[in-house]
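First comes the structure, then the notes that go with it.
Computed from the coordinates by the stated procedures, all read-outs in this text should not be read as laboratory data. Computed from a predicted structure; not experimentally measured. Glycine also receives a Cβ, built like all others from the backbone with ideal geometry; neighbour counts cover every protein chain displayed.
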Amino acid sequence: MDRESSLQRINELRKIIEYHNRRYYQLDDPEISDAEYDRLMQELVELENEFKNDKISQEKFPDILGPAASLSSPTQRVGAPPLEKFESITHQTPMLSLSNAFTEDDILDFDERIKRFLKSEDTVSFVVEPKLDGIAVNLLYEKGCFISGSTRGDGFQGEDITQNLKTISSIPLRINHTKGIHPPDRIEIRGEVYIGKEEFKRLNRRRIDEGDQPFANPRNAAAGSLRQLDSRVTAKRPLDIFCYAMGAVDGISFKSHWEFLQALSRWGFKVNPHVRQAKNIPECIDYFNTMTEERERLPYEIDGIVIKVDPIALQNRLGSVARSPRWAIACKFPAIQATTTIENITIQVGRTGTLTPVAKMKPVHVGGVMVSSATLHNLDEIEKKDVRAGDTVIIQRAGDVIPEVVKVVTSKRSGNETPFKMPDRCPECGSEIVRLEGESAHRCIGLDCPAQIKGNIKHFASRGGMDIEGLGEKIVSQMLKKRLIKDPADLYYLKKDDIMGLERMAEKSADNLLAALEASKNPPLEKFIFALGIRHVGEHVAKILAKNFSSLEDVMSATEESLLLINEIGPEVTSSIIKFFSQSSNVTIVDRLLKAGIAPLKASYEGPSTHLMGKTFVLTGTLDSLTRDEARTVIESLGGKVTSSVSKNTDFVVEGREPGSKLTKAQSLGISILNEDEFQRLVEEKE
Ligand code: IVH
């Protein structure tokens with residue numbers, strides 16, 4: 001390709017990739033497969049690399065190759081190779097914290113203090129904002145480009161998480177200055193990285209499906225995702241940000257905080273839509289009350305509001321004391337907490353054998369809900385909080401999250417409390433308990449553990465799996481107790497009499513269950529794979545496997561090498577699949593399922609087709625229904641390639657209105673020429 005075509009292509013690819021990023025990350029509705037996306041990205045990386053050391057082109061085409069343009073290229077967002085550890089970054093101005101207010105009186109005191117300090121009775125105006133419950137970060141921009149980003153750390157120094165922050169699509173890599181306000185030479189922008197409530201639930205569901213421990217709450221999930229040494233992991237987490245403050249700045253000044261927030265928004269940063277101006281303190285208190293009500297309905301978690309003096313001149317006069325500004329205060333919502341006592345600590349065994357300690361407590365109301373158990377997550381958590389049976393504890397319920405123990409009220413200890421000990425044997429089956437290196441979880445390794453079997457059968461029958469209607473927890477428990485079943489395959493060998501022998505199972509319900517079992521026999525292949533409960537094979541991975549193999553038998557006989565060749569299937573998933581099918585007990589279950597008449601349907605999932613794989617196209621003239629960019633995207637998303645000139649390697653020339661000399665060349669070489677209709681038909685053809 002000549003230089004002009006390469007540059008044009010770089011421009012095009014950046015736009016196409018930005019478009020697909022939006023479909024994937026913001027709309028959750030991708031149009032192309034990951035493999036196709038990777039191909040586009042790879043092409044862009046290679047083209048950008050061609051100009052990496054070409055100073056002359058860089059100067060000649062600053063809009064495409066200049067530092068600002070390169071820094072904002074989507075190639076910056078994919079995540080970089082893993083780091084050994086995080087370096088530390090010194091903030092150019094310290095990241096302060098906020099002092100807290102808990103009551104209306106505290107808020108009135110704050111106003112009084114300000115007036116006293118300013119020696120003025122004049123009413124001060126404020127900006128009020130939600131206080132986001134996430135992780136504070138500092139973003140440094142120089143000449144409009146994102147240079148580095150860090151965690152708050154101790155307020156002076158934080159960890160360099162630049163690569164991870166670059167994967168968050170709502171953090172601009174370049175400040176947008178098309179809307180008037182020119183970005184300053186240097187500015188530190190501060191904000192809160194968070195994970196929304198729905199995204200959190202989806203993330204945890206996926207983790208559970210894949211046999212990983214769920215995160216305790218959205219804040220922990222955001223913190224854990226930001227602290228990944230491998231930014232490719234971060235890139236897959238649904239992180240988002242709201243920006244709300246400024247650190248060091250050169251080359252611009254603002255009259256008010258409100259004006260700064262407006263500028264942030266025009267520059268392309270996300271500013272929380274609930275920020276408001278308040279003329280005086282009573283308006284701030286009204287806002288606090290409104291947000292207390294609004295809180296549950298917000299799609300992300302907030303734990304209070306922040307009140308900030310609006311005029312920057314006043315902020316400067318007020319300054320700060322003991323690392324908190326005098327001009328701002330955090331007003332915390334009353335926590336949905338309660339105090340109760342732990343009667344005992346039990347162990348729950350999950351489908352994958354993970355042991356979760358659970359505190360069984362004296363029932364107590366927390367925010368309108370009666371709570372009698374709280375998760376203690378794992379042994380590390382128990383040790384960290386030193387939770388013992390008999391302890392008086394403060395528990396809390398946040399949003400839809402499982403209640404958790406916040407802390408022990410040690411002053412209430414009598415000395416009769418019993419420290420927790422992780423059992424050496426599984427409480428359900430007596431098998432050995434192991435803790436793998438690097439894991440926080442303890443696991444039961446028993447193959448016949450009833451708790452695992454029950455979890456597995458429930459998973460097998462679940463909606464994402466075989467979708468067997470009417471096979472609830474209670475029925476599965478009874479069937480296991482009566483030894484009617486011991487694995488998922490047994491379900492399909494049940495007789496009507498067996499089922500009718502269960503509690504509350506009359507003839508009609510037995511018939512219904514048998515019909516539901518029968519109806520589940522032709523699942524899409526991906527659902528069947530998911531239903532098997534292979535560790536690390538959640539719905540997403542199951543889909544990928546189903547797309548790449550035509551039958552379960554093919555998946556079963558896949559080699560390590562062939563699995564590793566599949567995009568998105570890494571070594572962890574691969575070894576888990578190989579291990580699963582190398583266990584004869586699993587193979588027996590699958591065989592019996594197939595013998596019982598289970599016949600998975602190949603590819604109900606209509607993955608994007610790849611029927612133009614390896615074909616080379618040249619476009620000439622103008623098409624009516626598509627731009628060239630779009631035509632190129634379509635061809636590429638089907639596996640084809642578009643080049644700019646006709647040669648004997650060209651497979652098709654697509655002819656639009658007013659075609660150029662490429663058409664004559666194609667004719668002379670005897671290459672197939674397609675008009676627009678023929679092209680559309682070819683594209684719509686399926687494999
Ligand atoms: S302003 C000097 N605004 O709360 C002012 N902070 O306890 C700096 N936070 O570390 C902070 N939402 O992590 C500010 N709208 C908001 C905020 C907010 C959440 C966090 C932030 C900060 C902590 C202060």
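Each of Tyr300, Leu638, Ile56 was scored by the projection of its Cα onto the charge dipole of the chain, and the greatest displacement toward the positive side belongs to Tyr300; charges sit on the C-beta of Lys, Arg, Asp and Glu. Let me make sure I get this right: for region 112-196, a, b and c are the square roots of the gyration tensor eigenvalues over alpha carbons, sorted descending. Under 1.5 in a/c it's rounded, otherwise prolate if a/b > b/c, else oblate. Which is it? Since a/c reaches 1.5 and a/b is larger than b/c, the shape of region 112-196 is classed as prolate.
Diagonalising the gyration tensor over the Cα atoms of region 70-228 and scaling each eigenvalue by 5 before taking the square root yields semi-axes of 32, 24, 15 Å, largest first. Farthest toward the positive end of the dipole of the chain, out of Ile529, Gly438, Leu663, is the Cα of Gly438, where the dipole comes from beta carbon charges about the Cα centre.
Can you run the Rg to Rh ratio on region 537-665? Use alpha carbon positions and the Kirkwood inverse-distance Rh. Each step should come with its number before you reach the end.
Working: Rg = 21.6 Å, Rh = 18.1 Å.
In region 537-665, Rg relative to Rh is 1.19.
Across region 244-260, coupling constants 3J(HN,Hα) worked out from phi with the 6.51/-1.76/1.60 Karplus curve, θ = phi - 60°, read 8, 8, 10, x, 5, 8, 10, x, 7, 9, 10, 7, 9, 4, 4, 4, 4 Hz, and Gly and Pro carry x.
The alpha carbon gyration tensor of the chain gives principal lengths a ≥ b ≥ c with a/c of 1.5 or higher and a/b no greater than b/c, which makes the shape oblate.
Note: relative contact order over region 552-639, using C-alpha pairs below 8 Å and six or more positions apart, is 23 percent. Could you compute the net charge surrounding Phe51? Neighbours are other residues with a C-beta less than 12 Å from the C-beta of Phe51; K and R count +1, D and E count -1. That works out to 0. Taking 21 Å as the limit for the C-alpha separation, the pairs Lys197/Lys458; Lys332/Lys385; Lys85/Lys407; Lys236/Lys543; Lys115/Lys308 exceed it in the case of Lys197/Lys458; Lys332/Lys385; Lys85/Lys407.
Which cross-chain or sequence-distant (5 or more) residues have an amide H under 5 Å from the amide H of Ser125, H modelled 1.01 Å from N in plane? Long-range HN contacts for Ser125: Asp310.
State the percent of C-alpha pairs, over all pairs in region 336-466, separated by a distance greater than 23 angstrom. Of all Cα-Cα pairs in region 336-466, 40 percent lie more than 23 Å apart. Dipole of the chain, Cα-centred, from +1 at each Lys and Arg C-beta and -1 at each Asp and Glu C-beta, to the nearest 20 debye? So the magnitude is around 1160 debye.
For Ile347, nonlocal amide neighbours, meaning residues 5 or more places apart or on other chains whose placed amide H falls under 5 Å from its own, are Val358. Only aspartates and glutamates eight or more places from Lys55 in sequence, or on another chain, were considered; those with a Cα closer than 14 Å are Asp63. Taking amide H as placed 1.01 Å from N in the peptide plane, the amide H of Arg323 sits under 5 Å from none that are at least 5 places away or on another chain. By the Cβ-Cβ criterion of under 4.7 Å, the unpaired cysteines of the chain are Cys145, Cys243, Cys284, Cys331.
Grab the DSSP H runs of the chain that are 4 residues or longer, score each as -39,500 (n - 2.57), total them, divide by all residues and round the 222 nm result to the nearest 500 deg cm²/dmol.
Theoretical 222 nm ellipticity from helices: -10500 deg cm²/dmol.
Rounded, prolate or oblate: which fits region 433-582 when a ≥ b ≥ c are the square roots of the eigenvalues of the alpha-carbon gyration tensor, with rounded for a/c under 1.5 and prolate only if a/b beats b/c? Oblate shape, in that a/c is at least 1.5 and b/c is the bigger or equal ratio. Its Cα centre serving as origin, region 514-588 has a Cβ charge dipole (Lys and Arg +1, Asp and Glu -1) of approximately 200 debye.
Phi angles across region 297-311 convert, under the Karplus curve 6.51 cos²θ - 1.76 cosθ + 1.60 with θ = phi - 60°, into 3J(HN,Hα) values of 7, 6, x, 9, 8, 10, 10, x, 10, 10, 9, 10, 4, 7, x Hz, Gly and Pro given as x. Across every pair of non-identical alpha carbons in region 3-154, the mean reciprocal distance, once inverted, gives a Kirkwood radius of 20.3 Å.
Each of Ile577, Ala519, Leu545 was placed along the dipole of region 484-586 (beta-carbon charges, centred on the mean Cα), and the one lying farthest toward the positive end is Ala519.
For the chain, the antiparallel share of DSSP beta bridges with both residues in that region comes to about 85%. Packing order of peptides 235-247, 354-366, highest average first: 235-247, 354-366 (average count of other Cβ atoms within 10 Å over each peptide's residues). Annotation: the residues Arg413, Arg351, Arg388, sorted from fewest to most other C-beta atoms within 10 Å of their own C-beta, follow the order Arg413, Arg388, Arg351.
Coupling constants for region 10-15 follow from the phi torsions by the Karplus curve (6.51 cos²θ - 1.76 cosθ + 1.60, θ = phi - 60°), and in residue order they are 4, 4, 4, 4, 4, 5 Hz; glycine and proline get x.
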